[in-house]
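The values are calculated or read from the model by the stated rules, or taken from the named source; none is laboratory data. As the structure is a prediction and not an experimental result, all values here were calculated from the model. Here Cβ is always computed from backbone atoms with ideal geometry, including for glycine, and neighbour counts include all displayed protein chains. Areas reflect the complete protein model, heavy atoms only, side chains present, ligands, DNA and RNA absent. Shrake-Rupley method; radii C 1.70, N 1.55, O 1.52, S 1.80 Å.
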Amino acid sequence: KVKQKMLICGADGFIGKNALDYFNDRYDITATLFNKDIPKKGVVEGVRYISIDLRNESEVIALFEETRYDVVLQTAATTTGAKDVVERPYVHVTDNSVMNSWIFREAMRTKVGHLLFPSCTVMYQPREFAQSETDWSPSDEIYSAYFGVGNMKVFCEKMCDFYSRIGETKFTAFRHSNVYGPYDKFDLAKCHVVPAFINKVINADEVLEIWGKGRASRDIIYIDDLIQFIDKCIKNQKSKYELYNCGAGQAYPILNLAKIIMNLNNKSLKFEFDTTKPDIPTTVILNCDKAKKDLGWEPETPVVEGLKKTSEWYIKNVR
């Protein structure tokens, strides 16, 4: 049986690399790398790697004209952490708008079977209850720290909807919560809360520094559950365009996450709050009933198990 062709954009990133490992046995995969010939996260046998700048229209056209892809997973993005969100919010807006515009257009033009796009949850208002896909309204003012990136993501979701209407390609946009797991970024200047805590806890002696006042809570999801969600979208999505939430469906106070990571690593540390550092004290919880109903998906990895696997991977591969 001839394998279907899958394109993974951003295959050396966190989500892209995990998707590559998961789907490699089932698809003939082309993987894009950002202006480098060899992936930093390790070569996967049988995968065709292409060095490309996805912000360049002619390079994207050539990528899609060379091969007719059955599935495109668009995980390439400029991503960083809270520091940039607060201090340089524009870094997430321009590059991502440009690359997604070229990729979505060419996917539609070359009649790709199905394109999947990871959006985010930053357009949602901070709430103490789980929000569904329809709980966000264009009339809602997006939280100030996320105003740029949130509107960029909404624009990309609308582009997916637009191209699904004028072409033959099926599109999925999914708003995932904070993803964590192997191959994540653990650089404290660029990473999210879970890898930051894992880095800090494992390398600390007496004190664990908490940015801000430690009041935030996060809906987090282990990477394996996200990849399973993508797989179920490919297999089970019926309509030309869908928008899905993909998360745990509950918020974990960040201090509780820190305590779990400390227990897993046999550490007893004193919390020290640095209120001079960037802090985004919001809570967004995802209602994922639509994904369960349409796709038969729900997360399966308990938070302690996910944090244990991620801690062990960090100790083995990064520390």
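Odds and ends about this structure:
- For the range 10-34, the tally of residues that are more than 20 Å from ASP224 (Cα to Cα), among the hydrophobic types (A, V, I, L, M, F, W, C) and open to solvent by less than 10 Å² (accessible area, probe 1.4 Å) stands at 1.
- Some residue of the range 233-256 being more than 24 Å from PRO299 (Cβ to Cβ) and either more than 22 Å from the chain's Cα centre (by Cα) or in contact (Cβ under 8 Å) with a residue 40 or more places away in the chain (or both): yes
- The range 247-269: number of residues that are hydrophobic (A, V, I, L, M, F, W, C), in a loop (DSSP other than H, G, I, E, B) and either open to solvent by 30 Å² or more (accessible area, probe 1.4 Å) or touching a Ser or Thr at 6+ places or on another chain (Cβ under 8 Å) (or both): 2
- So GLU272, is it in a strand (DSSP E or B), under 18 Å from the mean Cα position of the chain (by Cα) and farther than 24 Å from GLY306 by Cα: no
Residues are listed down the side, and each one gets a yes or a no for (1) under 17 Å from the mean Cα position of the chain (by Cα); (2) at pLDDT 95 or above; (3) open to solvent by 10 Å² or more (accessible area, probe 1.4 Å):
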site: THR121; (1), (2), (3): yes, no, yes
site: PHE147; (1), (2), (3): no, no, yes
site: SER164; (1), (2), (3): no, yes, no
site: ASP187; (1), (2), (3): yes, no, yes
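- Whether a residue is more than 14 Å from ALA196 (Cα to Cα), surrounded by 15 or more Cβ atoms within 10 Å (Cβ to Cβ) and touching a Lys or Arg at 6+ places or on another chain (Cβ under 9 Å) was assessed, and VAL284 passes this test.
- A single entry from LYS238, LYS309, LYS292, LYS232 fulfils the requirement of being in a helix (DSSP H, G or I) and within 26 Å of LEU7 (Cβ to Cβ): LYS232.
- Residues in the range 64-79 that are buried (at least 21 other Cβ atoms within 10 Å of the Cβ), more than 18 Å from MET152 (Cα to Cα) and touching a strand residue (DSSP E or B) at 6+ places or on another chain (Cβ under 6 Å): TYR69, VAL71, VAL72, LEU73.
- Just one of the listed residues (ASP53, ASP37) is touching a Phe, Trp or Tyr at 6+ places or on another chain (Cβ under 8 Å), more than 27 Å from THR310 (Cβ to Cβ) and open to solvent by 70 Å² or more (accessible area, probe 1.4 Å), and it is ASP37.
- Restricting THR94, THR67, THR79, THR75 to residues that are over 30 Å from TYR143 (Cα atoms) and among the polar types (S, T, N, Q) narrows the list to THR67.
- Residue check for PHE174: touching a Pro at 6+ places or on another chain (Cβ under 7 Å), of a type outside the set (Asp, Glu) and either open to solvent by 30 Å² or more (accessible area, probe 1.4 Å) or within 26 Å of LYS17 (Cβ to Cβ) (or both): yes
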